[in-house]
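K.L.:
Sharing a structure with you now.
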């Protein structure tokens, strides 16, 4: 059975903030973590000290299990060097730029193509199609993705006119 928080609607995001607030307090006040960020059920902790990060794992796992009945996803826990990038919320933050995760790029193209098909089949209106398109351009604006932005715009207009 899949566990997690469905983030498709605003109430889920609000609920996640309320539910996970006790975890935020634990991280900041009990563990005294300096660099921590969380969105719904995804979080990162940044430190120059690998041993420090490794020592945080067990108390975090225990807190999540005992207090919130949650578990860390084994394949999503990683301790990496900064130059390898911090993978968080669809972006990879590298020392000198922010890139969009490859999986995010592919999903974006696939979803935009599907929205275009829905528009052409009159399942959605023009406003919905354009809102999706603008949303993706907004996502790209937070990364160093000028070429990708141009590519998506070119494909969008090509698909619209085919």
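Read the figures in this text as sums done on the coordinates, not as results from a lab. In this text the structure is predicted, and so the values were computed from the model without any measurement. Cβ atoms come from the backbone with ideal geometry, glycine included; neighbour counts cover every protein chain shown.
K.L.:
Cα gyration tensor of the stretch 10-79, axes a ≥ b ≥ c as square roots of the eigenvalues: rounded (a/c below 1.5), prolate (a/b > b/c) or oblate? All intermediate terms of the calculation are to be shown ahead of the outcome.
P.N.:
On the way: a/c = 1.64, a/b = 1.55, b/c = 1.06.
Prolate shape, in that a/c is at least 1.5 and a/b is the bigger ratio.
K.L.:
Report the label-to-label distance for residue 54 and residue 159 in nanometres (one decimal), using points 7 Å from each Cα along the Cα→Cβ vector.
P.N.:
According to this spin-label approximation, the distance is 4.6 nm.
K.L.:
Now, a different point. Would you mind checking the tilt of helix 126-140 against the longest principal axis of the Cα atoms of the chain, expressed as 0 to 90 degrees and rounded to 10?
P.N.:
50 degrees
K.L.:
Give me the log10 of I(q) over I(0) for the chain at q = 0.09, 0.11, 0.14 Å⁻¹, as the Debye formula computes it from C-alpha points; what are the numbers?
P.N.:
Debye intensities relative to I(0), on a log10 scale: -0.42, -0.60, -0.88.
K.L.:
Could you work out the helix-only [θ] at 222 nm for the chain, with each DSSP H run of four or more residues adding -39,500 (n - 2.57) and the total divided by the number of residues, to the nearest 500 deg cm²/dmol?
P.N.:
Result for the chain: -17500 deg cm²/dmol, rounded to the nearest 500.
K.L.:
Let me ask something else. Assuming 0.36 nm per residue, please report the length gained on full extension of the stretch residue 109 to residue 77 beyond their Cα-Cα distance. Don't skip to the end; give the middle numbers.
P.N.:
On the way: separation 32, 0.36 × 32 = 11.52 nm, distance 2.72 nm.
Contour length minus Cα-Cα distance gives 8.8 nm.
K.L.:
Between the helical axis of 50-68 and the dominant principal axis of the chain, each derived from Cα atoms, what acute angle in degrees is found, rounded to the nearest 10?
P.N.:
For helix 50-68, the angle is close to 80 degrees.
K.L.:
Evaluated at 10 °C with a viscosity of 1.306 mPa s, what Stokes-Einstein diffusion coefficient in µm²/s does the stretch 98-161 have when Rh comes from the Kirkwood expression over alpha-carbon pairs?
P.N.:
Details: Rh = 12.0 Å.
The calculation lands on 133 µm²/s.
K.L.:
Measure nothing fancy, just the Cα-based angle from helix 10-25's long axis to the longest principal axis of the chain, in degrees from 0 to 90, nearest 10.
P.N.:
Helix 10-25 sits roughly 20 degrees off the main axis of the chain.
K.L.:
Provide the packing ranking of 137-149, 46-58, i.e. peptides ordered by the mean count of other C-beta atoms within 10 Å per residue, highest first.
P.N.:
Per-residue Cβ counts within 10 Å, averaged per peptide and sorted highest first, yield 137-149, 46-58.
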